[in-house]
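S.K.: I am attaching a structure below and will ask some questions about it afterwards.
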């Protein structure tokens with residue numbers, strides 16, 4: 001590799017300081033910048049383009065499943081937030097309050113939405129009358145605010161971008177099915193498009209969303225062995241419907257409360273991409289969401305015919321891919337380092353000798369492997385390479401997770417296992433919150449979820465020794 | 001027309017009460033709903049889909065011209081807002097202030113962004129170093145807040161959706177060119193895609209954006225003869241750059257301030273569509289942004305073969321258009337009224353006799369004309385019809401504007417002309433703010449813009465009789 005050492009040395013090694021390595025990538029790959037607005041981030045063009053690609057893929061899937069986009073106000077009057085008691089208890093401590101409009105004090109203060117269940121419910125009470133109005137399958141792309149004390153780009157910031165689906169259904173079963181369906185959409189998106197293996201599961205009662213009957217989540221293991229909750233899907237039962245007096249006339253002419261779900265994922269996923277795939281050369285992006293999928297770098301560009309040939313390849317490839325030709329006067333070595341830092345999945349190098357031989361060099365970012373390929377059928381070759389890249393990234397991430405997943409039968413086994421480094425611990429649980437807390441106290445890891453795919457590690461709870469109800473995945477988490 | 005009278009009667013006639021007619025359409029066409037958040041609106045799926053289509057078209061154009069999307073924080077610290085004195089004077093009286101995060105009082109209050117010049121400038125000061133970093137062509141899609149006293153859906157609400165472009169250039173000329181280029185993008189979009197004729201012009205000094213050297217705008221005449229400022233484009237000179245200490249190293253190795261622009265358009269455009277094209281049957285949507293471009297309505301749907309044929313047409317047309325087949329059990333008459341209310345550009349009626357004759361009925365919403373067309377090459381026919389609809393809508397709107405445009409040489413002529421109803425008044429102006437105010441006082445109409453295409457109505461100012469500098473378009477405005 002002819003990398004420009006000066007540039008690569010700017011990143012802290014991930015083995016030396018993972019947190020600093022993460023922040024370095026966010027800055028050096030031009031994903032974010034800071035501003036005088038504490039706890040918030042500027043998402044720069046390269047970072048925002050990743051988000052746009054995520055949005056495009058998910059929005060298409062949501063719509064294929066019948067969901068429609070809407071836009072709700074960004075403010076919630078305090079009295080509206082208080083309509084569902086568990087909900088307000090969960091969110092009130094971390095909202096930003098608007099108290100003045102211009103120079104006038106408001107008669108009622110407004111919070112900047114931390115989530116929009118209350119607004120959707122108020123609207124649903126207006127527009128749902130009959131079973132013919134159900135289901136309502138709404139989604140919203142917007143920003144939300146939660147007044148966090150400690151913040152990190154993408155992972156935890158006071159403002160973040162997300163989508164929030166809010167649906168209403170005639171029956172409980174339909175709502176449960178929707179909750180699980182959307183969990184599967186998120187899981188599928190993470191595994192196929194982001195190349196991030198995930199565990200699908202239910203949260204324990206202590207970890208449910210404020211106001212939900214059941215919270216489902218997908219959990220992904222980051223490179224450092226910590227877990228990231230990557231998306232959530234909630235089943236609300238009819239609790240909010242009762243609190244907001246949302247009723248509908250059934251086919252049988254009776255009044256009933258509809259059943260509700262909500263589900264969301266956020267710019268946090270970009271943090272998940274960085275911490276799953278990144279390495280000491282920088283970002284590594286999955287092809288499906290990479291702003292640039294292929295970068296073409298002319299070598300010995302001053303030689304006759306090189307720029308022309310590079311442009312010809314560019315013109316061919318741009319019909320099928322997001323491609324960039326970098327014909328600037330920076331050195332090839334500088335460019336290699338630059339696009340490695342930016343995580344571009346494929347790099348094509350083309351110089352005079354390659355042209356003579358009707359070939360070019362293709363370097364895959366995730367493993368930095370070089371291949372010499374024919375210029376004939378280059379579109380097909382690139383397409384196959386991108387599939388190979390996605391698969392290779394997924395396998396690599398999965399291998400990391402498997403290496404760091406420990407099945408444990410006792411607290412001692414957990415503590416022993418964690419000496420090798422953080423990871424997912426599979427262990428049995430009796431279902432009591434006391435034991436959940438006790439495991440955390442004794443080992444430092446908390447329950448992440450009750451996986452939908454259960455295994456019987458042992459018959460009894462890892463903590464109290466009583467009959468176990470579930471296998472739980474435990475980990476330290478972001 | 002077999003319209004269901006019950007439904008159509010729900011709208012106030014536009015001739016009786018234009019404001020009420022407007023609000024009725026917003027509600028009855030399912031564009032918006034109200035909530036307990038005063039002055040804000042819920043944009044419902046049908047309204048939001050119009051906005052998504054607007055976004056798609058404009059975003060593609062912006063990107064073709066080299067612009068990149070970013071995301072800035074939604075909050076602005078008070079001290080940052082104050083960095084440019086004209087800017088803060090213009091916006092401070094109408095911003096919403098966040099004073100508390102959770103239960104803690106903030107050390108400095110934050111406003112919810114009314115516009116983001118200050119945030120962009122702070123960021124540009126960080127990332128612009130050399131002439132190689134210029135131009136910076138950034139855009140942001142987001143919501144903004146201005147604490148208006150009197151609000152109306154789409155036209156003026158405390159929160160609205162918009163895009164704001166913010167660009168930085170090495171030379172003044174480049175920045176002026178960008179300002180005009182983006183004005184032309186807006187004008188072109190309005191005329192070609194929204195079928196709304198516009199006048200391009202500069203604002204008079206008293207009407208400029210807070211902090212701008214020059215504000216350009218497009219003005220459209222609504223059906224009631226009032227003007228709507230539909231989009232704006234500002235040239236800032238280097239005023240903000242100086243206030244924010246943004247400098248760059250020139251090719252000649254000196255330090256210089258870059259020149260800046262910003263430009264924006266908002267959900268207000270949806271109000272413009274309603275008031276330009278709507279009629280007493282409801283909304284009339286231009287095909288380019290209509291969520292449903294063609295609705296297919298089976299007639300005598302119980303007869304054998306009708307639903308099958310309608311479905312066949314649907315399957316054919318959906319390859320090229322946004323099309324809906326309404327095979328619900330509502331009556332055809334009810335459906336006609338419903339999709340007229342929703343402004344669907346084309347309606348296809350297909351019944352047993354049509355099928356026998358290998359034809360269908362096509363009704364164009366903007367003029368309610370019926371045509372019998374062959375089922376052969378229906379895609380081509382529909383495509384041609386949609387072009388015809390766009391052209392017909394534009395001509396109709398242009399004819400309304402021309403009928404309501406008056407060239408006046410004196411104040412008396414203005415007052416005489418306005419007796420026929422509101423409209424655009426073209427009259428000469430000396431350039432003095434006193435005369436601008438005086439015209440408004442004496443006639444009730446204000447200056448809308450100094451059109452880029454000037455006419456010489458008279459040699460002297462319509463107000464003071466001194467030598468005229470510009471022809472101004474005057475009108476009452478939204």
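S.K.: Under 13 Å from a point 7 Å along the Cα-to-Cβ line of residue A:19: which residues of the stretch A:141-155 have their amide N that close?
M.R.: Taking a point 7 Å out along Cα→Cβ of residue A:19, the residues of the stretch A:141-155 whose backbone N falls under 13 Å are A:150-153.
S.K.: Below 8 Å between Cα atoms, with a sequence gap of 6+, how large is the relative contact order for the stretch A:1-124 in percent?
M.R.: Once divided by the residue count of the stretch A:1-124, the mean separation gives 15 percent.
S.K.: Based on the Cβ-Cβ distance from residue A:206 to residue B:82, what FRET efficiency comes out when R0 is 45 Å, to the nearest 0.05?
M.R.: With a Förster radius of 45 Å, E is 0.50.
S.K.: Using the 10 angstrom Cβ neighbour count as an exposure proxy, how do B:159, A:191, A:380 rank, fewest first?
M.R.: By the 10 Å Cβ count, ascending: A:380, A:191, B:159.
S.K.: Okay, moving on. Using every alpha carbon pair in the stretch A:323-387, what percent of pairs falls into each 5 Å bin from 0 up to the bin containing the largest distance?
M.R.: Going from the shortest bin to the longest, the percentages are 4, 15, 28, 26, 19, 7, 0.
S.K.: Please work out the FRET efficiency for the pair residue A:173 and residue A:453, using the Cβ-Cβ distance as r and a Förster radius of 22 Å; give the result to the nearest 0.05.
M.R.: Between residue A:173 and residue A:453 the formula returns 0.55.
S.K.: Restricting to bridges with both residues inside the protein assembly as shown, how much of the DSSP beta-bridge set is antiparallel, in percent to the nearest 5?
M.R.: In the protein assembly as shown, DSSP labels about 85 percent of beta bridges as antiparallel.
S.K.: Suppose we look only past 15 Å in the calculated P(r) of the stretch A:255-352. What percent of the Cα-Cα pairs does that tail hold?
M.R.: Roughly 67 percent, rounded to a whole number.
S.K.: Now, a different point. Per 10 Å bin, what is the whole-percent P(r) computed from every C-alpha pair distance within the stretch A:12-277?
M.R.: Per 10 Å bin, starting at zero, the Cα-Cα P(r) for the stretch A:12-277 comes out as 7, 28, 35, 22, 8, 1, 0 percent.
S.K.: While we're here: Once both axes come from the Cα atoms, what is the angle between helix A:306-317 and the longest principal axis of chain A, in degrees from 0 to 90, rounded to 10?
M.R.: For A:306-317 against chain A, the angle is about 30 degrees.
S.K.: Right, next: Let's test the formula: R0 of 51 Å, r as the Cβ-Cβ distance of residue B:188 and residue A:251. What FRET efficiency results, to the nearest 0.05?
M.R.: Result of the calculation: an efficiency of 0.50.
S.K.: Once each part is reduced to its C-alpha centroid, what is the distance from the stretch A:237-290 to the stretch A:373-392 in angstrom?
M.R.: 34
S.K.: For chain B, calculate the relative contact order in percent as a whole number, restricting contacts to Cα pairs under 8 Å that are 6 or more residues apart.
M.R.: Over chain B, the number comes to 14 percent.
S.K.: A further question follows. Obtain the nm distance between the two label points defined at residue A:300 and residue B:319 by a simple spin-label model: each point lies 7 Å from its Cα along the Cα-to-C-beta direction.
M.R.: Placing both labels 7 Å beyond Cα along the Cβ direction yields 5.0 nm.
S.K.: Shielding of B:91-97 by partners, i.e. mean partner chain Cβ atoms within 10 Å per residue?
M.R.: 5
S.K.: Using only Cα atoms and rounding to the nearest 10 degrees, what angle (0 to 90) does helix B:117-127 make with the longest principal axis of chain B?
M.R.: Helix B:117-127 sits roughly 70 degrees off the main axis of chain B.
S.K.: Ok, one more. For chain A, find the longest principal axis of its Cα atoms and tell me its angle to the long axis of helix A:378-403, 0 to 90°, nearest 10.
M.R.: 50
S.K.: Here's something else I'd like to know. For a quick check: sort B:31, A:255, A:317 by the number of other beta carbons within 10 angstrom, fewest at the front.
M.R.: Placing the least packed residue first, the sequence is A:255, A:317, B:31.
S.K.: Average partner chain C-beta neighbours within 10 Å, per residue of A:62-71?
M.R.: That average works out to 4.
S.K.: Would you mind telling me the antiparallel percentage of the DSSP bridges in chain B, rounded to 5?
M.R.: Just about 80 percent of them are antiparallel.
S.K.: The stretch B:401-478 to the stretch B:17-78: how many Å between their Cα centroids?
M.R.: Going from one Cα centre to the other spans 32 Å.
S.K.: Something else about it: Using the 10 angstrom Cβ neighbour count as an exposure proxy, how do B:122, A:312, B:453 rank, fewest first?
M.R.: The fewest-first ordering by Cβ neighbours comes to B:453, A:312, B:122.
S.K.: With n ≥ 4 as the cut-off for DSSP H runs, can you work out [θ] at 222 nm for chain A, using -39500 (n - 2.57) per run divided by the number of residues, rounded to the nearest 500?
M.R.: -10000 deg cm²/dmol
S.K.: How many nm separate the modelled label positions at residue A:311 and residue A:108, each set 7 Å beyond the Cα in the direction of the Cβ?
M.R.: It works out to 6.4 nm between the two label points.
S.K.: Defining a contact as two alpha carbons under 8 Å apart and six or more residues distant in sequence, what relative contact order in percent does the stretch B:404-477 show?
M.R.: 39
S.K.: Another question about this same structure. Which values, in whole Å and largest first, are the semi-axes of the equivalent ellipsoid of the stretch A:372-478 obtained as the square root of 5 times each eigenvalue of the Cα gyration tensor?
M.R.: Gyration-tensor ellipsoid for the stretch A:372-478: 41, 14, 10 Å.
S.K.: Under 4 °C and 1.567 mPa s, how fast does chain A diffuse according to Stokes-Einstein, given a Kirkwood radius computed over C-alpha pairs? Answer in µm²/s, whole number.
M.R.: Approximately 53 µm²/s, per Stokes-Einstein.
S.K.: So for the protein assembly as shown, what are the equivalent ellipsoid semi-axes in whole Å, largest first, each being the square root of 5 times an eigenvalue of the Cα gyration tensor?
M.R.: 48, 37, 31
Every read-out reported here was derived from the displayed coordinates using simple, explicitly stated rules and does not represent laboratory data. Predicted model, so just to flag it, every value in this text is computed and none were measured. No Cβ is skipped: glycine too gets one built from the backbone with ideal geometry, and neighbour counts run over all protein chains shown.
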